[in-house]
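Just below is one structure, and these are the notes that go with it.
The values are calculated or read from the model by the stated rules, or taken from the named source; none is laboratory data. Owing to the predicted nature of the structure, the values given are computational and were not obtained by experimental measurement. Cβ placement follows ideal geometry from the backbone for every residue including glycine, while neighbour counts extend to all protein chains displayed. These area figures cover heavy atoms from the full protein model, side chains too; ligands, DNA and RNA do not enter into them. Shrake-Rupley method; radii C 1.70, N 1.55, O 1.52, S 1.80 Å.
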Amino acid sequence: MLQSRLAAAEASARTVKRERAVPRVRRPAARSVGGALRAERERRRRAEMERCDLGERRQGPIWTRRAGAAAPRGVIVNIIHSVQGYHSKTIHFLNVAFNSSGDSLLAGDRQGNIYVFDLNGNRFNLVQKTMQACTALAFNLRRKTEFLVALADYSVKCFDTGTQELVSWMRGHESSVSSISVHGSGKYAITTSTDTAQLWDLDTFQRIRKLNVRQSVGIQKVFFLPLSNTILSCFKDNSVFAWEFDTLHCKYQLPTPVEGSVLFYKVFAVTRDSRTLVAGGKSNHLHLWSLQLKRLVRIIQMPEKVRSVRHLEFLPDSFDGGSNKVLGVLSQDNIMRFINIESCKLLFDIGSPEEGISTAVISPNGRYIASVMENGSLNLYSVQALTQEGNKPPPAMFKVVEDGPKYTPEENKLITKVTSGRSKGPWESKQSKIQSRLLKVQANTSLENKENELPSGLNKKRLQALLKGFGEYPAKYRMFVWRSLLQLPENHLAFSSLIDRGIHSAFVNIQKEYPIKSRKLLRVLQRTLSALAHWSAIFAETPYMPLLAFPFVKLFQNNQLICFEVVATVVVNFCQHWFEYFPNPPLNVLGMMENVLAHHDKELLRHLIKYNVTSQVYAWPLLETLLSEVLTREEWLKVFDNIFSNHPSYFLMIVVAYIICSRVPLLHCTQAADFEYFFHHRNNVDINVVIKEAYHLMEATPLDIHPQHMLDDFTPLTKGQYPVFNKYPTFIVDYQAREWEKIRQDEIEYLRKRQLAHESEAKAQEQKAEDEAWYRKQKLLREAEEQKRKMLLEEEEKLAEQRQRLAVGKKELKVKELQLLDASRRRFLNYQQDQLQMELKRLDDEIARKASMREQETAAAVQDIELRQMELESQKQLFEQHLIKDQEGVTKEMKEEVEAHRRKVDLEDQRVQRLIEIDREETQKAHTVAEENLAKAEQKHIDTDWRLQAQRRLRRDDQDRERCYKEIVKLLHDNRVKEAELLKAMRETEEKKWEEVVHNKAQLEEEQKAAAAADGHRKQFLDDKMNDALELAEKLQKEDGCFESLHNLKARCTERGVEVQQVPRSGNICLDDLSTLASSPHSRRRAELARQERELMAEVWRLRQRLTSRAQTRHSPATTWSP
């Protein structure tokens, strides 16, 4: 039957969707329970997202089936890193970063594991294990495979994803690095911490510059502007400076915002074209700055749920030319809202209070959003799916147009509110207009329908009919129906203020009274009870409040706000008049229940009265525990489905019905302990019969005793702030609070004294034990020392005996060794002697052999020489005969030829001799001329060099002196101006003094005329004043003399400079001239002048430094870049 109704509701919803396009006004119909259940089912279906558990794997696929544009809630995949073992746990991700293309994602977790997710290839890889948590990441470097990671030890490391090796290690920060900004070229990076910012060269990994700040001014963020050579630095005092990257000179500073709109900037975002800066902080306002105009152009007010902004980032688009219009705003409620900064419309949001976002990063191509969730997982969103969900037509519902707060144009002319609605994104036409249609409430709607309408679109009458038909609500829609029935306001701000007060003192040690195994459940119960106690003081003194709240805490432990508001709604509506007789049970409520029981079952009531069982025994235990002790979970949920759907008096009827349905076992009980046991433990009672009996009691009870006429109708909690709950005797509660506080203080004092006594006793026992242990140790040490001494004596005796035996053995060995050495030495000497004799014999034989051979050779040579001599003699005689014959004929011819040749040779010799003499003379002359010319040229060259050097030195000295003179003249002029001002002030002071003197003299004359008796005293006073004035005048004259002496010193310096300029600069200066110049008195004067000039320049420089430091202190910005 339920399925048929849901199908009918879906069909009607489809019909309404088809009719929505018709532009006509129709009668509004209440949203059916089927539609609400269908919406809840759709929400559940969307919750079934793709999940990837990295586990112990180093690589693998990211998803099994990519959702794309049909991703539920825009989530493509949910990535977790769980570790299985004895204590299974989930390792939290901390930071994420996209590469420059937006196709790869870098993520680091708390244990230092760095993963790379390839979104195109559907693969993940574990690229590095740093063994410590990362605080910032950057993945858009020039070398695509390298990335920067800032670690918990304040260092920054560069790794390579391909080789998985360390590329560089950069140190220099003294606190945790909060952000890394990379230049558009990928060659430079800025790392920012709270105390400094450092500029790095990513090619050499060397630090280029460091941003120095004052100790009182902290750094929020320093980053490069996109596609620009400008660095933007933002400080904690709201000052924003822009620096030129090449020179690191300050370009400009943004002015202070208009009065009344100042907020402390914490987060920043810049558009792609570097024209707009958005800043936010601990407020729901966002400031839009125009970096071209250098002024604040708009203030955007976020919804009231936003109290502070944690992160800002623009959503890129390929067709907006870099002037991004969609801004993501992550607030303190862990929800990231995307707004249009021009129309101030809320486009879509991601995250929820249950599944909060810690931080988020948007890919540069604008296709993905990666967010680190509060539970430590990593969500990857599809921007296409989110924008499609944001552009769906709105569901049919009623909306009431309320008057918003009125702002005066003068005070809030820049403020623009963000409204809930959809506007077309920057990817659509800018000229298209948002069309909206308001459904007008018809005037003939009955008052009954209005009362039955619930905020979520449900109808209470239909829910009651559904409940009577099935007995309970569907399990997966029960919490949704309860929230609608109770009309919870979800006051986040008010609940946060209660939670921020901390744990109430009454529930600090609640675990001792209620030992719950689940620490999470205990913590949620403690916070919920503390919030109730901070809301109203009565709940801190109510002993049964933990029993009352525990069932709802167990149901809503994942949403503490809903848990608190459900308990508060139950206390306000279903626990009416409970606290009027505090600290006693609510006798009035118990009396109402006893009247109802007496009317419907007198026999049972007489039986209870017979055995002295009052309503505090059979009714109050059921009320204070909300039936949780006597019912199972399913029965309890079914009962409260009916309680929340009816008047608050139905709760009392349920309790009476339970007692009536248990009449058989109760009539058999005769002992008080049995009755108490019965109402504190589960019993064999059909809960459906109890519910029907309660409805019967609601209808059959007379009006005069019916609780409905004594209890107020259901009233939901107010929106914005919770109502004041003071329906209890305040004097009793205050008295009990004071008594409890006094008891608590006494207990604390007693515990402190007892702790001191225990500590003193423990210290005494510890000291006694230490003393005994020390004595035992000393005794053992003495015994061990005696034993060791005896052992040492025995060992020494044994050692002495061994040494004696060893000495005897050594002596014997030494004798044997000497004998052996003597024998070997004699044998070696004999062997050496034999060898020498054999060698001498061999030499003698060789000498004899060679002598005989030499004699034989000599004899043979003599014979050969004699034969040769004989041959030569014969040949000589033969030649002499031939020569004698020929000589006679040739002698004549030779004589004639020799004579002629001799005469010819003599003539040629004379001619050649003459030529040689002429050539020698010419050569000697030329050599002499060349040597003279060379000597002259060399001398000329030397002279020219010396002259040139001297000229250059003189010119350099003139230029330096002229520059120094100009600076001196300028500084002297400034000093003269300041001295003139000082003299002027002194003269004015002197004139004032003289005026005072004249005035005093006039007074003195008048007083002399009026009172002659005081003439002597007044004359002495006048003389003192005259002396002071004369001393002041002398000081002024001395200072005038100092000024004149300074002027004379300047004149003397000028005269000496003129004398130096008149030094002769002849071109004939040579080395001797320079040496003479260096040793002359004139050079000594120049040295003296230079020394005086340096002293004067040093004095002027010090004065100039002081003036410059004062000017910088007054006018310069608070920061400077130092190498």
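The table for this structure:
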read-out: Among the candidates SER505, SER518, residue that is small (Gly, Ala, Ser), farther than 21 Å from GLN721 by Cα and in contact (Cβ under 8 Å) with a residue 60 or more places away in the chain; value: SER505
read-out: Contacts under 7 angstrom Cβ, first residue in the range 641-664 being under 17 Å from VAL566 (Cα atoms), partner basic (Lys, Arg) and at pLDDT 95 or above, 6 or more apart; value: none
read-out: Any chance ILE609 is at pLDDT 90 or above, among the β-branched types (Val, Ile, Thr) and open to solvent by 10 Å² or more (accessible area, probe 1.4 Å); value: yes
read-out: Single match in LEU263, LEU346 (criterion: hydrophobic (A, V, I, L, M, F, W, C) and assigned to a loop (DSSP other than H, G, I, E, B)); value: LEU263
read-out: Flag for PHE495 being within 38 Å of the chain's Cα centre (by Cα), in contact (Cβ under 8 Å) with a residue 24 or more places away in the chain and closer than 30 Å to PRO585 by Cβ; value: yes
read-out: Qualifying helices (runs of 4 or more DSSP H) (wholly inside the range 535-650; at least 1 residues being within 46 Å of the chain's Cα centre (by Cα)); value: 538-541, 545-555, 560-569
read-out: Within the range 968-990, considering residues that are at pLDDT 80 or above and acidic (Asp, Glu), the one farthest from GLU1099 (Cα to Cα); value: GLU988
read-out: Per-region count, the range 179-211, residues more than 15 Å from CYS158 (Cα to Cα), in a loop (DSSP other than H, G, I, E, B) and open to solvent by less than 20 Å² (accessible area, probe 1.4 Å); value: 1
read-out: Options SER363, SER352: the member that is under 22 Å from the mean Cα position of the chain (by Cα), of a type in the set (Ser, Thr, Tyr) and open to solvent by less than 40 Å² (accessible area, probe 1.4 Å); value: SER363
read-out: The one condition in (1) closer than 30 Å to PRO61 by Cα; (2) open to solvent by less than 10 Å² (accessible area, probe 1.4 Å); (3) aliphatic (A, V, I, L, M) that MET131 fails to fulfil; value: (2)
read-out: Residue in the range 527-539 that is out of contact with any Lys or Arg (no Cβ under 7 Å at 6 or more places or on another chain), at pLDDT 85 or above and farther than 24 Å from ASN584 by Cα present; value: yes
read-out: Looking only at the range 246-272, and only at residues there that are modelled with pLDDT of 80 or more and aliphatic (A, V, I, L, M), the one that is farthest from HIS183 (Cα to Cα); value: LEU254
read-out: Total residues in the range 479-507, condition assigned to a helix (DSSP H, G or I) and within 25 Å of ALA465 (Cα to Cα); value: 8
read-out: Inter-residue pairs, beta-carbon under 7 Å, first without any contact (Cβ under 8 Å) to a residue 40 or more places away in the chain and in the range 707-725, second open to solvent by 40 Å² or more (accessible area, probe 1.4 Å), 6+ apart; value: HIS709/LEU703
read-out: Enumeration of residues in the range 232-246 that are more than 11 Å from GLN220 (Cβ to Cβ), part of a strand (DSSP E or B), in contact (Cβ under 8 Å) with a residue 40 or more places away in the chain and not aliphatic (A, V, I, L, M); value: PHE241, TRP243
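So that you can scan it fast, the table gives a plain yes or no per residue for (1) at pLDDT below 85; (2) within 24 Å of PHE348 (Cβ to Cβ):
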{"position": "GLU410", "(1), (2)": "yes, no"}
{"position": "PRO426", "(1), (2)": "yes, yes"}
{"position": "SER436", "(1), (2)": "yes, yes"}
{"position": "GLU472", "(1), (2)": "no, no"}
{"position": "LEU486", "(1), (2)": "no, no"}
{"position": "SER505", "(1), (2)": "yes, no"}
{"position": "GLU513", "(1), (2)": "no, no"}
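Matching residues to (1) touching a helix residue (DSSP H, G or I) at 6+ places or on another chain (Cβ under 8 Å); (2) touching a residue at least 60 places away in the same chain (Cβ under 8 Å); (3) in a loop (DSSP other than H, G, I, E, B):
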residue	(1), (2), (3)
VAL267	no, no, no
SER283	no, no, yes
LEU288	no, no, no
GLU304	yes, yes, yes
ARG307	yes, yes, yes
LEU312	no, no, no
ASN324	no, yes, yes
GLY328	no, no, no
ILE339	no, yes, no
